[in-house]
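To keep things clear, I will list the structure first and then write my remarks on it.
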Amino acid sequence: MSGIDYRRFPIVLAAPSGTGKTTLARRLVATTAGYRFSVSATTRPARPGERDGVDYHFRDRAAFESMAKRDELVEWAQVHDQLYGTPRTELEIAARRGEHVVLDIDVQGARQVRASVPEAVLIFVLPPTVQELLARISGRGTEDRGAVARRLRTALQELDAAREFDYVVVNDGLDDCLDRIRSIVVAEAAHPRRIVGFEELVGAMRSEIDRALRQDYANAGS
Ligand code: ADP
Ligand code: 5GP
């Protein structure tokens, strides 16, 4: 919006596992200025190629639990036997820098963010089809059949939560989906409550119109 500044807000992406939300979140922050990825803490072991502090903050259970106990996590949840949580510092750094922070988290975490971070925007990502979801889960090659089945069972519960979100997008083509997410952010940014100094801006315009009416249009109209 030209000439108007707005408060940046956290963007939560949740989806059935395998839909592509990590891919979307990573691409979004890589291709859009002013966005940063929220690096979660987890007890899950790193997959090949994953780096500590970049993909996740990999922690043992005791370290994770002490973070939770010290209230250092905005939200946390158990997903497929492992603990995952968003460090509060991820949101604080983004707020300090005036950036959008993108949270790639599960539905349980999204619900907690809804409750404790009212300015966050929650976007639910759907796969284009179930067949494509299965192809994406299998294509990743990191899960055996049992793990895939577990992810599908979780997907049933996750789909039930879609209606609680602010927006729903379909991850058909990556670029199209990213465009829709960016459009949501642009629309949300235009909300009066997010505009910096909105009351002052409107107040100043009112005063100017009042002055113009008194000085230049005193006897015009009724
Ligand atoms: P999630 O984080 O939702 O579990 P990932 O981002 O790990 O999912 O993506 C799962 C797989 O689907 C990955 O192999 C990824 O490259 C692929 N993928 C993601 N988005 C698309 C898309 N729009 N079209 C085709 N493949 C995709
Ligand atoms: P994965 O182990 O495949 O990286 O992630 C498994 C699930 O945990 C995904 O749905 C992912 O979005 C979710 N997840 C990752 N980080 C967090 C987090 O910080 N909090 C919550 N609640 N879920 C997370």
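The values are calculated or read from the model by the stated rules, or taken from the named source; none is laboratory data. Bear in mind that the values here come from a model prediction, so they are computed numbers and not experimental data. Positions of Cβ are generated from backbone atoms using ideal geometry, with glycine treated the same way; all protein chains shown enter the neighbour counts. With ligands, DNA and RNA removed, areas are computed over all heavy atoms of the protein, side chains included. Shrake-Rupley method; radii C 1.70, N 1.55, O 1.52, S 1.80 Å.
Numbers for the structure displayed
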| quantity | calculated |
| --- | --- |
| Of all accessible heavy-atom area on the chain, the percent that carbon and sulfur account for (1.4 Å) | 52 |
| Low-density loop cleavage sites - GluC sites (Glu not before Pro) in segment 48-97, where at most 16 other Cβ are within 10 Å (DSSP) | 50, 72 |
| Percent antiparallel among DSSP beta bridges (both partners in the chain, rounded to 5) | 35 |
| Theoretical ellipticity at 222 nm over the chain - DSSP helices of four or more residues, -39500 (n - 2.57) apiece, nearest 500 | -14500 deg cm²/dmol |
| Fully extended contour minus Cα-Cα distance, from residue 213 to residue 69, at 0.36 nm per residue | 45.8 nm |
| Derived scalar couplings ³J(HN,Hα) [segment 118-123; Karplus, 6.51 cos²θ - 1.76 cosθ + 1.60; whole Hz; x for Gly, Pro] | x, 7, 5, 10, 9, 10 |
| Hydrodynamic radius of the chain per Kirkwood, over alpha carbon pairs, in Å | 19.5 |
| Relative contact order [Cα under 8 Å, 6+ residues apart], the chain, whole percent | 29 |
| Directionally averaged shadow of segment 1-101, computed from the convex hull of its alpha-carbon atoms, nm² | 7.5 |
| Residues of the chain: accessible area per residue with a 1.4 Å probe, Å² | 57 |
